[in-house]
Amino acid sequence: MLLEIKGLVKRYGDVLAVDHANIHIQEGEILGLLGPNGAGKTTLINMMLGLTRIDGGNINIFGKDSIRYAEAVKKDIGIVPQELAIYEDLTAAENVLFFGRLYGLRGRQLHCRVEEALSFVGLDERSKQYPRTFSGGMKRRLNIACAVVHRPRLMIMDEPTVGIDPQSRNHIMDSVKALHDNGTTILYTSHYMEEVEELCTRIVIMDKGRVIAMGTKEELKDLVSTEEKMVIKLSAANFTLVDKIKKINGVKECVFAEKELTVIVDKNSNNIGRIIDAITATGSEVYALNVEKPTLESVFLTLTGRTLRD
Amino acid sequence: MKRMLTIFKFTIIKNLRDTGSLLHMLLMPIVLILILGTALNPMFQHNEISPTVVGYLNKDAGPLDGYFDQFIKSEDLRQVLNVAMMESNEEGHERLQAGEILALIYLDEDFSRRVLAGEKTTIDITARPGNPLRLSIVENVLESFIHGANATEALNRMGAGGHNYVHTVNVIEDLPVAASGIMPGSMDYYAVTMLVLFIMYGALYSSSGMGESYLAAVGKRIKGTPIKAAEHYLGLVSANVITVFVQALIIFGFTRYFYGANWGMNLPVVFAIIITLVFVSVGLGTMIVMLTRSETLATSILHVIIPVFTFIAGGYIKISFTGTVLPALQHLSPNYLAQTAIFNTVYGGPDSQTTAMLGGLILIAVGTFTVSMLAERRAWN
């Protein structure tokens, strides 16, 4: 286990910002941390880094207590904060160099890693320029370069793509994938469901300081849905076909309108083949078939009663 | 330690690249000293006072008449008194009326006898009205003789005989050797007060430096690295102290060598006061930003309190407060403490006062750093 959070509590007066949270991350995973503003995500990250006092529970990182062995633990963690955390009056290379030194790198190794980090985020051509001349996306990439310079085992990325153009966003997404391919374990928080869905192997949903669900995308979707909806475009249909399909095991509803057949089936009923057979047996042609599954957004809505950006 | 040096080095680099602040901190005092020092020069002019002409008539023929003669005609007193011998009381009064002398000093026939008999006696002064300053010089000179004579007489009565009181102007000779000049000119005055003012503005370096590199996003990121809190804090504080101190030395050098301002000869003490004030300034900026947790708010507060400190210390224009509240308030201003300590050092004021002022500055510096650490501790919780 690379990271294990047990019964973590943080109080601000009477408010429980983090309420007995239990989370774990296996080595090599990308864990998505989802939750609306005020869910407790950043507080949780701050406690992992020792920036906020822990009121209860404990955090073990790399098998060590994160408070007692803070220095040793932090050496192998990279952080990409939500806000830009770079100096505007140091060049891109100096920014990376500065953080590299703080992580204990020195001499030739440091300089090689600085080049490597800048190249990793596509800023090697601009290493001598000041961030004030950069676009928002380039600054975000420099923000990442400062976090990867020491090749951390665990990377914490707190909303790394907020407010940037699609091109830079794609670049950052590719960087995250490349880091993962290199064996880095990643804790990734985001408001963007599609990012989490695309990147993360497991997802934790937090709300009002509590972990309300944790699992793979499929496991989370299973939590909230027992049905699947199929929409099939046909050349023709009649009432006999609709009755035939309704009689197939696992089919709950079947409606034909505007050359589209909408079929609601029990999840995991695996009856799609029999439905297609029934259609072709009537001489009708299937032009298109779409199986609509619940999205993470709908999972989140069901679990918390609100959308992620509320 | 290496991480602290990294923080120190990059903070210095950042401070040096902040050319706007750098120019403001260096050019503004240099220009202000020139403007204020030139424009307000007449307020600091001291006219030379020529010796005051007094008439002197000594009718005492006793054993003590020689002592007073020796005193009044001494070389030291010639700088302040021009003594004209009178033949008679009438001549003295005539010349007094004619305005030839300012005062007539008169010892009667029984002066020695009464002193030796332990009776009360007087030295009479008859003065022309209308010149209180010169008259006060005459009075002070005679008082100094009387005090000295009384002390000698007391010693003799106590049995430590053999003392003959001759002159008492050794107060002037007791001035410390480090003292240079008697009073500051306008350039000297503003060289000190403007230097003090701009050292205090160094608090802005620490409020913005601490705001960015300790409290804001970059600061949090640094705290997320394996650096110890003390290394982080001390790296920033020491870089800001060095930045402000070097700027202070540049202003000091410029005023000394280009404006010819008088900084005295006791430079180690002057530098000790300057470095202590730098710590006060950096501590103050750090404390306010740690308490407010906002660089913007801290900067606004500093922009208000530093001019107030400067004003009540007489940094812009010399002021003297009466009563008890305002003079006491002055002692809360680091500018006042530093200015007084520097002026004392340069112009030979009492060492005890310099020490007290320096002690006050050290207390303020320690206080500000302690409060800022407590504020950070509280915020962490």
Return the residues of the range B:109-122 that are more than 19 Å from B:Glu139 (Cβ to Cβ) and open to solvent by less than 70 Å² (accessible area, probe 1.4 Å); say none if nothing qualifies. B:Asp110, B:Ser112, B:Arg114, B:Val115, B:Ala117, B:Gly118
Here are B:Leu249, B:Leu236, B:Leu215: which of them is within 14 Å of chain A (Cβ to nearest Cβ), closer than 30 Å to B:Leu5 by Cβ and at pLDDT 90 or above? B:Leu236
Do we find that B:Ala379 is over 14 Å from the mean Cα position of the chain (by Cα), more than 15 Å from B:Met194 (Cα to Cα) and open to solvent by less than 40 Å² (accessible area, probe 1.4 Å) in this structure? no
Looking only at the range B:341-376, which residues are outside any helix (DSSP H, G or I), in contact with a helix residue (DSSP H, G or I) (Cβ under 7 Å, 6 or more places away or on another chain) and surrounded by 14 or more Cβ atoms within 10 Å (Cβ to Cβ)? B:Gly349
Residue list for the range B:255-294, filter: crowded, with 18+ Cβ neighbours inside 10 Å and more than 26 Å from B:Asp351 (Cβ to Cβ): B:Val282, B:Leu284, B:Gly285, B:Thr286, B:Met287, B:Ile288, B:Val289, B:Met290, B:Leu291, B:Thr292
Looking at this structure, is B:Ala84 open to solvent by less than 30 Å² (accessible area, probe 1.4 Å), of a type in the set (A, V, I, L, M, F, W, C) and over 27 Å from the mean Cα position of the chain (by Cα)? yes
Just one of (1) in the same structural domain as A:Ile25 (by TED's automatic domain parsing); (2) free of Cβ contacts under 8 Å to residues at least 12 places away in the same chain trips up A:Asp243, so point out which. (1)
Subset of the range A:147-166 [modelled with pLDDT of 85 or more, open to solvent by less than 10 Å² (accessible area, probe 1.4 Å) and among the β-branched types (Val, Ile, Thr)]: A:Val149, A:Ile156
In the range A:214-244, anything more than 21 Å from A:Glu29 (Cα to Cα) and assigned to a loop (DSSP other than H, G, I, E, B) is listed as A:Ser225, A:Thr226, A:Ser235, A:Ala236, A:Ala237, A:Asn238
Report yes if A:His171 is away from every other protein chain (no Cβ under 14 Å), buried (at least 18 other Cβ atoms within 10 Å of the Cβ) and not in a loop (DSSP other than H, G, I, E, B), otherwise no. yes
In the same structural domain as A:Ile23 (by TED's automatic domain parsing) and not in a strand (DSSP E or B): is that true of A:Glu297 in this structure? no
Can you tell me how many residues in the range A:34-51 are without any contact (Cβ under 8 Å) to a residue 40 or more places away in the chain and facing chain B (nearest Cβ under 10 Å)? 3
Could you list, in sequence order, all residues of the range A:67-116 that are open to solvent by less than 10 Å² (accessible area, probe 1.4 Å), within 8 Å of chain B (Cβ to nearest Cβ) and assigned to a helix (DSSP H, G or I)? A:Phe98, A:Phe99, A:Leu102
Qualifying residue in the range A:213-221 (condition: open to solvent by 10 Å² or more (accessible area, probe 1.4 Å), among the β-branched types (Val, Ile, Thr) and either in the same structural domain as A:Asn143 (by TED's automatic domain parsing) or at pLDDT 85 or above (or both)): yes
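The values are calculated or read from the model by the stated rules, or taken from the named source; none is laboratory data. Given the structure is predicted, the values throughout are model-derived calculations rather than measurements. No Cβ is skipped: glycine too gets one built from the backbone with ideal geometry, and neighbour counts run over all protein chains shown. When the accessible area is computed, the model is the full protein with side chains, heavy atoms only, and any ligands, DNA or RNA have been set aside. Shrake-Rupley method; radii C 1.70, N 1.55, O 1.52, S 1.80 Å.
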